[in-house]
C-alpha cells in the first residue's frame, strides 16, 4: 500500500464533505447567535476548525469500529477495501481528536469547551456503547448534529438564539438516522445489532421518522412567531419543510432516496436561519 493511497484513504475516512458541512453549521450557529458586527473572527474560526477536525475524527473512529459491518453494508469504505489499515485509521482518528482539543482549549470560552468535551466523549463512545441500541444511538447522533449550532453560539458567547435551531436540527437528524437504519437492516442483522427498525419493525420505524419530521415542520415557524426573524426566514423555511416532509413520505418506498432527499431539506432549513439573520441587518 503506497503512502499516497493511504493518505487518500485517511482523508476518505473523515467523510470530508460531512466534516466541512458540520463546520458550516457551526458557523451558522455563530452567525445566528449575535449581530454580524459583533462577530469575532478568532473564536468563530476556532469553533469551525475544531468542529471539522472532531467530526472527521469521529467518522474515522466510527469506520474503525464498523469495519466488519462495512464489509457487508459498504465494502467500498477505505478499511474494507484495504486503502488503510485498521490500526492506521485508529491512529489517524486519535491525532485529529488531539488537534481539535488543543484548538478548543486554546481559543474558545468555557461553555464552548464544555460542549466540545461532551461531544468528543459522545463521538468516541458512540459505536462501542450506543450504536445498535434501539433509538439510543440515533438520539445521540441527533444531539451531535444539532449541537453544532449550540457550539457555534457558545463560541461567541450567546447560546440562546441557537436553541430552536438545535431542536429543529435534532428532530430532523433523528428522523434521518432512523431512515438510514431501515436502509442498513440487512448488515445490522448480520452483525447482531438491535437497531430501532429491527426492534419495532421497519414500517413502524419509518412512521416514527415521519412523525418527527412533521413535528419539526410544525415547530419551524416559532422564530417568526416570536419575532426573532421576519418574513425572509419564513419564505425559506416553508420550502424546506415541504422538502423534508416529501422525503419522509418517499422513505416508505425507498429509504435510501428518502434519507438523501432529507439531507437537502435540512440544509435548506439551515439556510432559512441565515436568511433570517441576514435580513435583520439589511
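Could you check, for segment 195-206, whether at least one of its residues is under 30 Å from residue 33 (Cβ atoms) and in contact with a helix residue (DSSP H, G or I) (Cβ under 6 Å, 6 or more places away or on another chain)? No, segment 195-206 contains no residue that is under 30 Å from residue 33 (Cβ atoms) and in contact with a helix residue (DSSP H, G or I) (Cβ under 6 Å, 6 or more places away or on another chain).
Each row is one residue, and each column tells you yes or no for (1) at negative phi; (2) under 18 Å from the mean Cα position of the chain (by Cα); (3) at pLDDT 90 or above; (4) not in a helix (DSSP H, G or I).
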| site | (1), (2), (3), (4) |
| --- | --- |
| 181 | yes, yes, yes, no |
| 186 | yes, no, no, no |
| 190 | yes, no, no, no |
| 199 | yes, no, yes, no |
| 217 | yes, no, yes, no |
| 235 | yes, no, yes, no |
| 240 | yes, yes, yes, no |
| 247 | yes, yes, yes, no |
| 268 | yes, yes, yes, no |
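When residues in segment 80-123 are screened for being at pLDDT below 95, in contact with a helix residue (DSSP H, G or I) (Cβ under 6 Å, 6 or more places away or on another chain) and outside any helix (DSSP H, G or I), 3 of them pass. Against the criterion of being farther than 30 Å from residue 215 by Cα, in contact (Cβ under 8 Å) with a residue 60 or more places away in the chain and surrounded by 16 or more Cβ atoms within 10 Å (Cβ to Cβ), residue 96 qualifies. Residue 254 meets all of the listed conditions (1) at pLDDT 95 or above; (2) exposed (fewer than 15 other Cβ atoms within 10 Å of the Cβ); (3) within 22 Å of the chain's Cα centre (by Cα) but one, namely (1). Among the residues of segment 40-47, is there at least one that is under 19 Å from residue 10 (Cβ atoms) and surrounded by 15 or more Cβ atoms within 10 Å (Cβ to Cβ)? Looking for residues that are under 19 Å from residue 10 (Cβ atoms) and surrounded by 15 or more Cβ atoms within 10 Å (Cβ to Cβ), one finds none in segment 40-47, hence no. When residue 69 is tested against (1) touching a helix residue (DSSP H, G or I) at 6+ places or on another chain (Cβ under 8 Å); (2) at pLDDT 90 or above, only condition (2) is not met.
The values are calculated or read from the model by the stated rules, or taken from the named source; none is laboratory data. This one's a predicted model, so the numbers in the text were calculated from it and none came from an experiment. Cβ coordinates were reconstructed from backbone atoms using ideal geometry, including for glycine residues, and neighbour counts include every protein chain displayed.
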